[in-house]
Amino acid sequence: MRKKIVAGNWKMNTTVAEGVALAKAIVKQKKEVSKDVQLVVAPPFTHLVPVAQVIEGSSVALSAQNCADQPKGAFTGEVSAAMLKDAGCAYTILGHSERREYYGETSEKLVKKMALAFENGLKVIFCVGEKLEERNAGHHFDVVSTQISEVLFGLTPEQMADVVIAYEPVWAIGTGVTATSEQAQEIHSFIRQTLAAHFGGKVAEETTILYGGSCKPSNAKELFACPDIDGGLIGGASLKADDFIAIAKAY
């Protein structure tokens with residue numbers, strides 16, 4: 001049975017005090033969520049240590065939003081995978097569309113980041129997804145297939161056990177527009193088929209695939225009912241504990 005995950009990507013939001021308060025509220029309400037659902041929070045770098053202290057012993061897992069593509073050294077402003085592990089992270093998000101779009105992250109760079117994440121005992125939430133013009137041109141399958149093959153196909157089946165894939169239609173992030181459950185299921189199924197063709201059915205069947213495009217309490221139940229959707233990578237709705245927990249309770 002695949003792990004069900006609801007992860008909150010806080011992006012560049014909240015002060016440390018606000019983040020700590022949010023984490024406390026999530027921990028307090030977690031008892032309302034099925035034990036089969038893994039909750040993950042991904043605060044900004046500045047919040048990682050205090051949030052780790054808040055969630056310690058709660059079964060809520062900590063994720064970073066990114067990591068450096070170098071192990072250490074003269075890389076001003078970067079945060080290494082070793083530092084993230086030391087801060088208490090279990091996961092890091094890699095390949096988010098905002099990192100690709102605004103900071104020019106390439107598949108080559110993501111391969112380096114993923115290797116360093118694994119070396120330091122981090123699991124990876126790896127994001128894939130197409131832009132609106134790519135979907136309208138009918139290229140969404142090609143885009144997602146390329147993103148997967150360029151970064152994941154160099155991994156071993158054992159490493160794939162530490163990868164969660166998050167499908168994020170770029171046209172639905174922060175826009176209020178959500179892929180229909182049919183659209184989401186179609187591409188989640190395609191992702192699983194793509195994994196099966198390269199790694200075999202066992203890896204494909206065991207890989208958790210999250211939906212990451214404007215998932216809200218109002219649509220979570222319908223999305224999570226799809227057979228190939230195993231949870232969500234939540235943006236704006238993860239900044240309110242009530243909304244985040246309501247999404248997790250959709251299971």
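The values are calculated or read from the model by the stated rules, or taken from the named source; none is laboratory data. Everything numeric in this text was worked out from a predicted model, so none of it was measured. Neighbour counts run over all protein chains shown; Cβ positions are idealised from the backbone, glycine included.
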Take the residues of the stretch 186-196 that are of a type outside the set (D, E, K, R) and more than 17 Å from the chain's Cα centre (by Cα): which is nearest to T146 (Cα to Cα)? T194
Is there a residue being modelled with pLDDT of 95 or more, closer than 14 Å to E168 by Cα and of a type in the set (A, V, I, L, M) anywhere in the stretch 197-207? no
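Can you confirm whether L233 is surrounded by fewer than 24 Cβ atoms within 10 Å (Cβ to Cβ) and in contact with a strand residue (DSSP E or B) (Cβ under 9 Å, 6 or more places away or on another chain)?
Judged against the criteria, L233 is not a match.
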Complete set of residues in the stretch 219-246 that are polar (S, T, N, Q) and under 17 Å from the mean Cα position of the chain (by Cα): S238
Given the structure, is S34 at pLDDT 95 or above, buried (at least 18 other Cβ atoms within 10 Å of the Cβ), of a type outside the set (V, I, T) and at negative phi? no
Out of S59, S80, which single residue is at positive phi, of a type in the set (S, T, N, Q) and free of Cβ contacts under 8 Å to residues at least 60 places away in the same chain? S59
In the stretch 123-170, which residues are among the hydrophobic types (A, V, I, L, M, F, W, C), modelled with pLDDT under 95 and touching a Gly at 6+ places or on another chain (Cβ under 8 Å)? V170
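Please enumerate the residues belonging to the stretch 11-25 that are part of a loop (DSSP other than H, G, I, E, B) and aliphatic (A, V, I, L, M).
Taking the stretch 11-25 first, the residues part of a loop (DSSP other than H, G, I, E, B) are 11-15.
Selection gives M12 alone.
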Spot the failing condition for E56; the list is (1) over 24 Å from M1 (Cβ atoms); (2) among the charged types (D, E, K, R); (3) touching a Ser or Thr at 6+ places or on another chain (Cβ under 8 Å), and only one is missed. (3)
Test: residue in the stretch 204-213 that is within 18 Å of N136 (Cβ to Cβ) and in contact (Cβ under 8 Å) with a residue 40 or more places away in the chain: yes
Any idea which of Q159, Q183 is touching a Phe, Trp or Tyr at 6+ places or on another chain (Cβ under 7 Å) and without any contact (Cβ under 8 Å) to a residue 60 or more places away in the chain? Q159
For T178, only one of the following conditions fails: (1) modelled with pLDDT of 95 or more; (2) within 23 Å of I5 (Cβ to Cβ). What is its number? (1)
Test result for G8, in contact (Cβ under 8 Å) with a residue 24 or more places away in the chain and in a strand (DSSP E or B): yes
Identify all residues within the stretch 236-249 that are out of contact with any Ser or Thr (no Cβ under 7 Å at 6 or more places or on another chain) and crowded, with 24+ Cβ neighbours inside 10 Å; write none if there are none. S238, I247, A248
Hits in the stretch 72-116 (condition: in contact with a Cys (Cβ under 6 Å, 6 or more places away or on another chain) and of a type in the set (A, V, I, L, M)): A81, L84
